[in-house]
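Following: one structure in structure tokens, then a few remarks.
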Amino acid sequence: MRNLTRLFGEVKRYWGILLCILLLTAATAGLGLPGPLIIRYLVDNLVERKPFNIPLFFGLYVGVSIASSLVGAGLSMTVTYLGQRFKYDMRRKLYAHMQTLPLGFFEKNQTGKLMSNITNDVATLDQLISGGFVTLVSDLVTLTAVLIIVFRMNAYLAAWSLVVFPLYIANYLLHIGRIKKRADEIREERDVMLGDLQEKLAGAMVVKSYAKERFEVRQFVGQTRNLLELNVDQGMMGTRMWTLAEFIGSGLGIAVIMLIGGRQVMAGSLSPGSLIAFTSFITGYLYGPILRLIQINDQIARTNAALTRIFGTLDTEPNIKDRPGAVALPTITGAVEYDNVWFEYEPGQPVIKGVSLSVRAGQMVAFVGQSGSGKTTMINLLSRHYDVADGAITVDGHDLRDVQLASLRRQVGVVIQETVLFNTTIRENIRYGRLEASDTEVEEAARAANIAHVIEALPRGYETRIGEEGIKLSGGEKQRIAIARAILSDPRILVLDEATSALDSETETQIQTALERLMEGRTSFVIAHRLSTIVKADIIVVMEKGVIREAGSHQELLERGGIYAGLYLQQFEVALDQQRAERRT
Amino acid sequence: MSNLGRLLGYLKPYRARVVLAVFLMLLVTASALPMPRITQYLLDVVLPQRSQSRLLGVFWAIVGLYAFRGVASFLLNYLLGWLGQRIVFDLRFQSYRHLNRLSLSYYDKRQTGKIMARVIDDINVIQYMITGGFVTLITDILTLIVVMPVVVWMQWQLAVMALVIVPTYVVVYKLFLKRIRALSVELREKWDALIGALQEKIAGITVVKAFHREGYEVDRFMTTVQDNYTLGMSQAKLNRLLGLIVTVVSAGGTGLIYWYGAILVLHRQLQAGELIAFVGYIGYLYGPALRLVDFNIQAQWAGAAIDRVFETLDTRPDIMDAPNAVALASLRGEVRFRNVSFGYDPSKPVLHDINLEVKAGELIAIVGPSGSGKTTLVNLIARFYDVTEGEVLIDGLDVRSIRLESIRRQIGYVSQESLLFSVTLRENIAYGFHDATDTQIIEAARNADLHSYIADLPDGYDTKIGEDGVKLSVGQKQRLAIARATLTNPRILILDDATSALDSETEAHVQAALDRVMEGRTNFVIAHRLSTIVNADRIVVIDAGRIVDVGTHAELVARPGVYKNLYDEQFRSAQDEALAAYLG
Ligand SMILES: Nc1ncnc2c1ncn2[C@@H]1O[C@H](COP(=O)(O)OP(=O)(O)OP(=O)(O)O)[C@@H](O)[C@H]1O
Ligand SMILES: Nc1ncnc2c1ncn2[C@@H]1O[C@H](COP(=O)(O)OP(=O)(O)OP(=O)(O)O)[C@@H](O)[C@H]1O
Ligand SMILES: [Mg+2]
């Protein structure tokens, strides 16, 4: 119920449209009511065989019908408009909200499920709003009007016609609980299916490498079969409820009216035309709306799960956001300070344990260390994708938590470890770094990233699409596009997280020259396992299990003969052996 | 509409139920017929005769009629619900199975989200049409067939009047059909675009956030939503207009019948009750016409969906088992490239005339500049793509003549980008070999130097990855992918840049374990860090899609060439002064 009140809150905004709908509804209801009365006029005259003004009757009948279908069409257009508008606004709201949520949110939710939230759940709500809510209003109006009319026509008969009403309600109450429960189960199962489907389609490469196609199909069949059973069961219950409702309303109800009304006609207290009109009022305008009132309850039950999920997303507070009064970070020089930083992704499992590091503006810092030691995490903290648990990170003396997120990220350009390109042209992919960049600037960035010659060799050059209706790039080519994108963004602090791991040394060296030029005068953080990449760094930071074990220049660290020297020797063993051999000869 | 016929073919296995459903439809239709007659009887006979017992008879007749109708329609709806769900199931199953058969080139060229839309949304639309509109259509047709003679028999002049209007429907319908259809197709496409964009941007959220493009992305997404909105509105407008015309025509028709009927009644050629009953029946005629509009809309909408589902089902996989393909239970592991040329796009070759013979048990390293075709070369061994020219032979047999599954099961392939699924670590490692024992899984994790990390986690191997679980660092992911590949005990092991994200120390551990694992298998290793591959039996150097050199490390560094350059470049710093000083 709480969900519903909130939904009302969401719909309230469209009060203009709602008012329109209300008016049109009243008009439709109003135009529907004369129908049975006109028929009564006809029947009574015909039964008595009294001549009457036939053209007038014709005009009334056709006129009322046309008017009511015009108004009806108007109503249904307005309702559609409301529904579409609502979907539009709701999707915007959801998507915009998701975008404000930090990376942690996306790591904890499968892509497929988030998609379903924006597409399916919103569509379900629309069905409720344009399907149920509107008829609810119009039905309530009609119901009241008809009750008044039938009671004034013949109170005795009207009272009898309500006799079947309790049965209606009992029938509804009997079914709704289980329908609701099934609806929740269906949604859950559906989500699991969507989540898996998305993952397995995106991971087709792995599925195929292990020849697991049949296994995956079996898995999928299991899920869809569960869905099948749940759906059939829900359908069965729905059908049962509906059939009973129809029997009670149309069958029992009419029978009672004909019986009681028939007696009255025989007793002379009711005209035959009135009986016909009465029946059509009751079936068309009384039981119908009541039936639909049941329907809307059924719909609400089905919608509940969708509502819960939509509001669940909307209620997820971004735990990374501008605090009130956060200032915009002015153009920075790039001095970065990690001050006794602690951090954990999962409570109780610290990943960064008391790291302090001081970087002067313009310095190049390299992180090396074992896989999983927290290098990427250090970077994620710097762009404030997560907040430190203890200690502080400052940039130019500003604590990251005190400045506006946008102003920070705009000045920090990161090439992330796993390259992501989008399904658009190569040019647009590079331009993603700075949307207002000109074509020449894009091409320059590509040149600096040593990818221009590859792009230019393509028949459609920079306009080549990646992915759908386009080409796929090799691992190293993708990395170079990502580097071009970062170069173009022209950040104050440049972060390269293993941005060249898939490149051969020659290509890498060529890029390195361009990067060095770019890094001139900027602070940069470089993570690399190929140590030749980082020998020039001002500070090399060696991390191990979340702490800094060594820090210093290449030369200092080599002289110290610690972890770094060990790593270095290990990697260059081959070359060193050879050198020694050469020296000996 | 031949696709519609094909869709109906899916009903064939459930023939008995379909027949039963049609029979039930007949019952339901028939049960609607007596009601106007009962009214007539009441008006013309019971009431004028003031017969209490007949009135009671009317009462029970109505109750009985609706009870009968209730039972029949319950059975019918249940059956239809079942059939609809069943077709959804069959279609989904077939689509998904087929998608799994399609080769990688299919996935290369499509957005994941769009493929999803086909499996999910399109099929939903189809189900909706079958259980909704299609059934109504059949019921309506049945009603027409039954009611037509009844009205003609009741009063043929009035019946003729009523039927005169029918052609108007046909004309109006024809006028609108094309535009509705075009809109439906367009709407499906826009919906696809929406899903595609959504999937991509949610999956790539790290980049969106890294460049602070949240606002921009919202705007972009909203344009696709806007497109859907606009089209949805135009579709609604068209539908309503069509609906309006049809209602007006039927209202006019009914009015005329009342007019003429009233004259007949006044001239005592017709009973009042008869006229009311007649108009009741006419409702059964015009009702279907109105509903036809709705059905038409649904049908157009579904038509687009049906076409797309069958389009997927009709896409022939590029890579398929030849009819007489042999299953190789156990490979020796000899691999041979004979005059192989290949291009993803045949007009743009990536590999040129590759000749390479690899003996079982060899360790082959492949090096070369980025984009030179290394990944492509190994992709051909696992037959992810078929060669354009020449042939790839395993154990002397062309890969195209071997059962795909028997090749892939015996190849352990670690691709350049590691992909894990949102399940536990154990399930991820055991993905290629579900029946692995715990000891085997731990052994595989040890080989990849991952055991100590996993053992430290509170839930150990049962830790979930991704949703409701941890995220691994990239190096950890790579190691997991290596563990996964070694667990299957493959005859041929392919590592495509599989240790690029590992530091030298971890890599050395992994390498030591891999040296043991590689024993007795044929191995292909692609790596840019040359220290990884110096121990290879042979190093194959690729440049711009050609093999430019083959030899051992010692041979290759001794002669000028691509390899020597790469080597010098990478180890240049090793020759620097500091190091010399350090070495003393
Ligand atoms: N699926 C594909 N469709 C079309 N072109 C492709 C596809 N995959 C790769 N290519 C192209 O083929 C060429 C060779 O790619 P490949 O992936 O084999 O390179 P690579 O040697 O593995 O490079 P890297 O070291 O960067 O991974 C590249 O120019 C690439 O753009
Ligand atoms: N989003 C996350 N949620 C939970 N745990 C995480 C998350 N990201 C990383 N971790 C864990 O934190 C630790 C440090 O990860 P991080 O990515 O910083 O390592 P790294 O040093 O960059 O390693 P690599 O060189 O392998 O990329 C790892 O043990 C990893 O499993
Ligand atoms: Mg590659």
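Can you tell me which of (1) part of a helix (DSSP H, G or I); (2) more than 33 Å from the chain's Cα centre (by Cα); (3) buried (at least 22 other Cβ atoms within 10 Å of the Cβ) is the one A:ILE310 doesn't meet?
Only one criterion in (1) part of a helix (DSSP H, G or I); (2) more than 33 Å from the chain's Cα centre (by Cα); (3) buried (at least 22 other Cβ atoms within 10 Å of the Cβ) is unmet by A:ILE310, namely (2).
May I ask you to verify whether B:ALA61 is assigned to a helix (DSSP H, G or I), in contact with a Leu (Cβ under 8 Å, 6 or more places away or on another chain), more than 7 Å from chain A (Cβ to nearest Cβ) and of a type in the set (Gly, Ala, Ser)?
Answer is no for this residue.
Hey, any hits in the stretch A:399-408 for a residue that's in contact with a helix residue (DSSP H, G or I) (Cβ under 9 Å, 6 or more places away or on another chain), touching a residue at least 12 places away in the same chain (Cβ under 8 Å) and open to solvent by 30 Å² or more (accessible area, probe 1.4 Å)?
There is no residue in the stretch A:399-408 that is in contact with a helix residue (DSSP H, G or I) (Cβ under 9 Å, 6 or more places away or on another chain), touching a residue at least 12 places away in the same chain (Cβ under 8 Å) and open to solvent by 30 Å² or more (accessible area, probe 1.4 Å).
Could you tell me which residue of the stretch B:81-103 is nearest to the other protein chains (Cβ to nearest Cβ), considering only residues that are hydroxyl-bearing (Ser, Thr, Tyr) and within 19 Å of B:ASP307 (Cα to Cα)?
The selected residue is B:TYR96.
Specify which of the listed residues (B:TYR128, B:TYR106, B:TYR78) is at the interface with chain A (Cβ under 7 Å from one of its Cβ atoms) and of a type in the set (Ser, Thr, Tyr).
B:TYR78
Show the residue pairs meeting these rules: Cβ distance below 6 Å; 6+ apart or different chains; first residue within the stretch B:10-28 and β-branched (Val, Ile, Thr); second residue surrounded by 16 or more Cβ atoms within 10 Å (Cβ to Cβ).
B:VAL18/B:LEU11; B:VAL28/B:ALA72; B:VAL28/B:SER73; B:VAL28/B:LEU76
Out of all the residues in the stretch A:533-585, which are open to solvent by 30 Å² or more (accessible area, probe 1.4 Å), touching a Lys or Arg at 6+ places or on another chain (Cβ under 8 Å) and within 11 Å of another protein chain (Cβ to nearest Cβ)?
Residues satisfying the conditions are A:LYS545, A:ILE563.
Got a sec? Which of A:SER474, A:SER501, A:SER489 is open to solvent by 10 Å² or more (accessible area, probe 1.4 Å), within 16 Å of ligand 2 (Cβ to nearest atom) and either at the interface with chain B (Cβ under 9 Å from one of its Cβ atoms) or under 30 Å from the mean Cα position of the chain (by Cα) (or both)?
A:SER501
For the stretch A:77-97, give me each residue that is small (Gly, Ala, Ser) and in contact (Cβ under 8 Å) with a residue 40 or more places away in the chain.
Scanning the stretch A:77-97 gives a single hit, A:GLY83.
Given the conditions (1) away from ligand 1 (no atom under 16 Å from the Cβ); (2) part of a strand (DSSP E or B), and given that B:LEU556 satisfies all but one, which numbered condition is not satisfied?
(2)
Are there any strands (runs of 3 or more DSSP E) wholly within the stretch B:471-550 with 2 or more residues that are open to solvent by 10 Å² or more (accessible area, probe 1.4 Å) and in contact (Cβ under 8 Å) with a residue 24 or more places away in the chain, and if so which?
B:538-543
Filter the stretch A:382-398 down to the residues that are in a loop (DSSP other than H, G, I, E, B) and open to solvent by 30 Å² or more (accessible area, probe 1.4 Å) and list them by number.
If the condition is that a residue be in a loop (DSSP other than H, G, I, E, B) and open to solvent by 30 Å² or more (accessible area, probe 1.4 Å), then A:ASP387, A:ALA389, A:ASP396, A:GLY397 are the ones that fit.
Mind checking which pairs have a first residue in the stretch A:469-484 that is on the phi < 0 side of the Ramachandran plot and among the polar types (S, T, N, Q) and a second that is outside any helix (DSSP H, G or I) and within 6 Å of ligand 1 (Cβ to nearest atom), Cβ under 7 Å, 6 or more apart or different chains?
That search, which allows pairs on different chains as well, returns A:SER474/B:SER370; A:SER474/B:GLY371; A:GLN479/A:ALA502.
Residues checked against (1) open to solvent by 30 Å² or more (accessible area, probe 1.4 Å); (2) facing chain B (nearest Cβ under 9 Å); (3) part of a helix (DSSP H, G or I):
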{"residue": "A:ALA170", "(1), (2), (3)": "yes, no, yes"}
{"residue": "A:ARG178", "(1), (2), (3)": "yes, no, yes"}
{"residue": "A:LYS181", "(1), (2), (3)": "yes, no, yes"}
{"residue": "A:GLU185", "(1), (2), (3)": "yes, no, yes"}
{"residue": "A:GLN219", "(1), (2), (3)": "yes, no, yes"}
{"residue": "A:ARG225", "(1), (2), (3)": "yes, yes, yes"}
{"residue": "A:GLY235", "(1), (2), (3)": "yes, yes, yes"}
{"residue": "A:MET241", "(1), (2), (3)": "no, no, yes"}
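Given the options A:LEU19, A:LEU23, A:LEU4, name the one that is under 34 Å from the mean Cα position of the chain (by Cα), aliphatic (A, V, I, L, M), open to solvent by 80 Å² or more (accessible area, probe 1.4 Å) and over 23 Å from B:ALA262 (Cα atoms).
Answer to the check: A:LEU19.
Looking at the stretch B:74-106, which of its residues are open to solvent by 30 Å² or more (accessible area, probe 1.4 Å), free of Cβ contacts under 8 Å to residues at least 60 places away in the same chain and closer than 20 Å to B:LEU404 by Cα?
B:ARG97
Only one residue in B:TYR385, B:TYR344 is open to solvent by 70 Å² or more (accessible area, probe 1.4 Å), within 16 Å of ligand 3 (Cβ to nearest atom) and in contact (Cβ under 8 Å) with a residue 12 or more places away in the chain. Which one?
B:TYR344
Could you list, in sequence order, the residues of the stretch A:47-85 that are open to solvent by less than 40 Å² (accessible area, probe 1.4 Å) and aromatic (Phe, Trp, Tyr)?
Residues satisfying the conditions are A:PHE52, A:PHE57.
State which residue is nearest to the other protein chains (Cβ to nearest Cβ) when the search covers only the stretch A:243-276 and only residues that are hydroxyl-bearing (Ser, Thr, Tyr) and crowded, with 20+ Cβ neighbours inside 10 Å.
Looking at the filtered set, the residue picked out is A:THR243.
Sort out which residues of the stretch A:378-421 are within 16 Å of ligand 2 (Cβ to nearest atom), touching a Phe, Trp or Tyr at 6+ places or on another chain (Cβ under 8 Å) and of a type in the set (Gly, Ala, Ser), and write them in order of number.
A:ALA389
Within the stretch B:363-382, how many residues turn out to be in a strand (DSSP E or B) and open to solvent by 30 Å² or more (accessible area, probe 1.4 Å)?
Counting residues in the stretch B:363-382 that are in a strand (DSSP E or B) and open to solvent by 30 Å² or more (accessible area, probe 1.4 Å) gives 1.
Out of B:ALA322, B:ALA329, B:ALA360, report the one residue that is modelled with pLDDT under 90, closer than 26 Å to B:ARG484 by Cα, away from ligand 1 (no atom under 16 Å from the Cβ) and assigned to a loop (DSSP other than H, G, I, E, B).
Exactly one residue qualifies, and that residue is B:ALA329.
Look through B:VAL525, B:VAL534 and report the one residue that is at pLDDT 90 or above and under 24 Å from A:THR533 (Cα atoms).
B:VAL525
Among the residues of the stretch A:401-417, is there at least one that is polar (S, T, N, Q), within 13 Å of ligand 1 (Cβ to nearest atom) and outside any helix (DSSP H, G or I)?
no
Within the stretch A:453-508, which residues are more than 28 Å from A:ARG409 (Cα to Cα) and of a type in the set (Val, Ile, Thr)?
Matches in the stretch A:453-508: A:VAL454, A:ILE455, A:THR464, A:ILE471, A:THR507.
Check off (1) part of a loop (DSSP other than H, G, I, E, B); (2) open to solvent by 40 Å² or more (accessible area, probe 1.4 Å) for A:SER358 and give me the number that stays unchecked.
(1)
Restricting attention to the stretch A:446-464, which residues are more than 10 Å from every other protein chain (Cβ to nearest Cβ), outside any helix (DSSP H, G or I) and in contact (Cβ under 8 Å) with a residue 40 or more places away in the chain?
A:ALA449 - this is the single residue of the stretch A:446-464 that is more than 10 Å from every other protein chain (Cβ to nearest Cβ), outside any helix (DSSP H, G or I) and in contact (Cβ under 8 Å) with a residue 40 or more places away in the chain.
The values are calculated or read from the model by the stated rules, or taken from the named source; none is laboratory data. Since this is a predicted model, take the numbers as computed values, not measurements. Ideal geometry is used to build each Cβ from the backbone, glycine not excepted, and the neighbour counts take in all protein chains shown. Heads up: the accessible areas ignore ligands, DNA and RNA and are worked out on the full protein's heavy atoms, side chains in. Shrake-Rupley method; radii C 1.70, N 1.55, O 1.52, S 1.80 Å.
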